[in-house]
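K.L.:
Sharing a structure here in structure tokens format.
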Amino acid sequence: MAMLIRNAELNGQIVDVLIEHGRIVNIGKNLSCETVFEAKGGAILPALHDHHIHLNALAAAINSLRCGPPEITTKAQFIKALNVAGDGWLRGVGYHHSVAGMIDRDWLDSYGPKRPVRIQHRSGRLWILNSLAMDALGLPESVNGRLLDRDTMLRTQLNFPDLKPLINKLLSYGVTGVTEVTPSNGAAEYEHYMQKAEPLRLNVMGKAELSAQQSQYLKLHYHDHDLPPLDLLADEIEQAYHTGRNIAAHCVTRAELMLTLAAIEMAGAKPGGRIEHAAIADEAAIEWMKKLDLIVVTQPNFIKERHAAYLQDVPKNEHKNLWRLKSFIDAGLKVAAGSDAPFGNSNPWAAMAAATSRPKGFECEAVTPDAALALYTKPAHDAGAAPRRIDIGELADMCVLDRTWQAARVSLADVNVIATWTAGELAYEA
């Protein structure tokens, strides 16, 4: 189907953009077509790609109770929120111990509702269940209700969430593609995404059971408390290479990052390898990642969303190394961005705003609005490539803003997308 996007702002000029058969076929003035979308002078941009997201968890979170900052900050607020009217399972997300301490089964039994309750800690690794939830899942009474790294077990006993509301939300942001990074993704999850996530462009990471045709990346997801020996991690990386896949490694702490870099070097770095987060990175780590030609996929939103917690929990001497951005780009690293939603805000415009205007004490890592946008316009299957462009012959994955790009640059957090196209089809209209 052909469509003309009329009066769109592109590179400071008002133009018409003609799309046919999923691609941009002409850009000019006074073009004609039977089907017309009026852009009213709003900027036309390449559609966005979230390079680090958890679809099922985010879809479930949309229908979940917020249990932590900034919405919930006190024990009284938390108890009131838990006891909202309703029946069946109650799923809460975003809990932080600053709200009511290290809650467990007994705490939820005492203060929560008489229905199955499961609360996810903000880290994403810990679930806290009440007795009714434990009974429903057949868990032993001796368990205190705090289940660490048990997502796979929970997922096998609960249904996959409906992705449609989430997809519509992402399209409203101008997002037409995502990289699904959940480490426990297997064959069942892959089929679920393939069947239910259209029209999003998908890049799926996951377990070793996925083939190279299904999944470009093996997701490595180790933490300080369970880091493997260097030689075993190098062997795991080599095995991924032998099966035609690359690796994407979760690296939040200094220890996670340095061990991973050593293992990649031992295995022999393969172009396209990814470091997810790189939350703490000093100059030596930056130089090492550059030497190994790695892609860094970071989350600009976290420095704003978790600023207060970082000031309290992260040693001051590490502040200069926390969630760096400008230093990565200036060093010549290949850098892209994702939300890590639901553990971060899924709105890329809020993240771009955070990248350009960082909190006091972290300002030196801020980047320009154009550089922030570029983090979200890399191709779906190559976060290290150059940003996509609006040009003749390019795939018509695009969005139109409610303002010019010059106006958007001034206040990225206030940007609204009025229309989104994927492969030339109008997928969202405000």
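The values are calculated or read from the model by the stated rules, or taken from the named source; none is laboratory data. Not measured: the values here are computed from a predicted model. A quick note on method: Cβ atoms are made from the backbone with ideal geometry, for glycine too, and the neighbour counts reach across all protein chains shown.
K.L.:
Inside region 223-315, counting only helices (runs of 4 or more DSSP H) that do not spill past its ends, which hold 3 or more residues that are touching a His at 6+ places or on another chain (Cβ under 9 Å), assigned by TED's automatic domain parsing to the domain that holds residue 379 and within 27 Å of residue 378 (Cα to Cα)?
P.N.:
Hits in region 223-315: 254-267.
Rundown of residues vs (1) among the charged types (D, E, K, R); (2) assigned to a loop (DSSP other than H, G, I, E, B), yes/no style:
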{"site": "17", "(1), (2)": "no, no"}
{"site": "44", "(1), (2)": "no, no"}
{"site": "49", "(1), (2)": "no, no"}
{"site": "59", "(1), (2)": "no, no"}
{"site": "76", "(1), (2)": "no, no"}
{"site": "80", "(1), (2)": "yes, no"}
{"site": "87", "(1), (2)": "yes, yes"}
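K.L.:
Of (1) more than 20 Å from the chain's Cα centre (by Cα); (2) surrounded by 22 or more Cβ atoms within 10 Å (Cβ to Cβ); (3) not β-branched (Val, Ile, Thr), residue 173 satisfies all except one. Which?
P.N.:
It is condition (1) that residue 173 fails.
K.L.:
Could you list all residues from region 352-369 that are in a loop (DSSP other than H, G, I, E, B), within 12 Å of residue 319 (Cα to Cα) and either touching a Cys at 6+ places or on another chain (Cβ under 8 Å) or of a type outside the set (D, E, K, R) (or both)? Give the steps one after another, and end with the answer.
P.N.:
Taking region 352-369 as the starting set, the residues that turn out to be in a loop (DSSP other than H, G, I, E, B) are 357-362, 366-368.
Those left that are additionally within 12 Å of residue 319 (Cα to Cα): 359-362.
Listed by number, the residues that qualify are 359, 361, 362.
K.L.:
Mind checking which pairs have a first residue in region 208-222 that is outside the structural domain of residue 264 (by TED's automatic domain parsing) and a second that is of a type in the set (S, T, N, Q) and part of a loop (DSSP other than H, G, I, E, B), Cβ under 7 Å, 6 or more apart or different chains?
P.N.:
Sorted first by the residue in region 208-222, then by its partner, the list stays empty.
K.L.:
Any idea how many residues of region 1-21 are surrounded by 13 or more Cβ atoms within 10 Å (Cβ to Cβ) and touching a residue at least 40 places away in the same chain (Cβ under 8 Å)?
P.N.:
Quick first cut of region 1-21, residues surrounded by 13 or more Cβ atoms within 10 Å (Cβ to Cβ) only: 3-10, 14-20.
Keeping just the survivors that are touching a residue at least 40 places away in the same chain (Cβ under 8 Å) gives 3, 5, 8-10, 17, 19-20.
Residues in region 1-21 being surrounded by 13 or more Cβ atoms within 10 Å (Cβ to Cβ) and touching a residue at least 40 places away in the same chain (Cβ under 8 Å): 8 in total.
K.L.:
What residue, among those in region 276-299 that are of a type in the set (A, V, I, L, M) and more than 13 Å from residue 332 (Cβ to Cβ), is surrounded by the fewest Cβ atoms within 10 Å (Cβ to Cβ)?
P.N.:
Among them, the one singled out is 284.
K.L.:
Then there's this: Out of (1) buried (at least 18 other Cβ atoms within 10 Å of the Cβ); (2) more than 30 Å from residue 421 (Cα to Cα); (3) touching a Lys or Arg at 6+ places or on another chain (Cβ under 8 Å); (4) not aromatic (Phe, Trp, Tyr), what's the single condition that is false for residue 146?
P.N.:
All conditions are met except number (1).
K.L.:
Quick one: how many residues across region 79-106 are farther than 23 Å from residue 341 by Cα, surrounded by fewer than 19 Cβ atoms within 10 Å (Cβ to Cβ) and not small (Gly, Ala, Ser)?
P.N.:
8
K.L.:
Go through region 345-358 and give me each residue that's more than 19 Å from residue 47 (Cβ to Cβ), buried (at least 24 other Cβ atoms within 10 Å of the Cβ) and in contact with a Leu (Cβ under 8 Å, 6 or more places away or on another chain).
P.N.:
none
K.L.:
Across region 328-344, what is the total count of residues that are surrounded by 18 or more Cβ atoms within 10 Å (Cβ to Cβ), of a type outside the set (A, V, I, L, M, F, W, C) and at pLDDT 95 or above?
P.N.:
The total comes to 4.
K.L.:
Here is a further query. Quick one: in region 364-381, which of the residues that are among the hydrophobic types (A, V, I, L, M, F, W, C) and in contact (Cβ under 8 Å) with a residue 24 or more places away in the chain is nearest to residue 49 (Cα to Cα)?
P.N.:
Going through the qualifying residues, I end up with 380.
K.L.:
Is it true that residue 361 is over 23 Å from residue 9 (Cβ atoms), touching a residue at least 24 places away in the same chain (Cβ under 8 Å), surrounded by fewer than 21 Cβ atoms within 10 Å (Cβ to Cβ) and in the same structural domain as residue 319 (by TED's automatic domain parsing)?
P.N.:
So residue 361 fits the description; yes.
K.L.:
Output the number of residues of region 300-327 satisfying the condition of being crowded, with 21+ Cβ neighbours inside 10 Å and either under 17 Å from residue 285 (Cβ atoms) or touching a Cys at 6+ places or on another chain (Cβ under 9 Å) (or both).
P.N.:
Here the count works out to 3.
K.L.:
Can you tell me which residues in region 384-423 are assigned to a strand (DSSP E or B) and of a type outside the set (A, V, I, L, M)?
P.N.:
From region 384-423, those assigned to a strand (DSSP E or B) are 395, 398-401, 417-422; that's our starting set.
Passing the criteria: 399, 420, 421, 422.
K.L.:
So, one more: Residues in region 335-356: is at least one in the same structural domain as residue 285 (by TED's automatic domain parsing) and among the charged types (D, E, K, R)?
P.N.:
Yes, some residue in region 335-356 is in the same structural domain as residue 285 (by TED's automatic domain parsing) and among the charged types (D, E, K, R).
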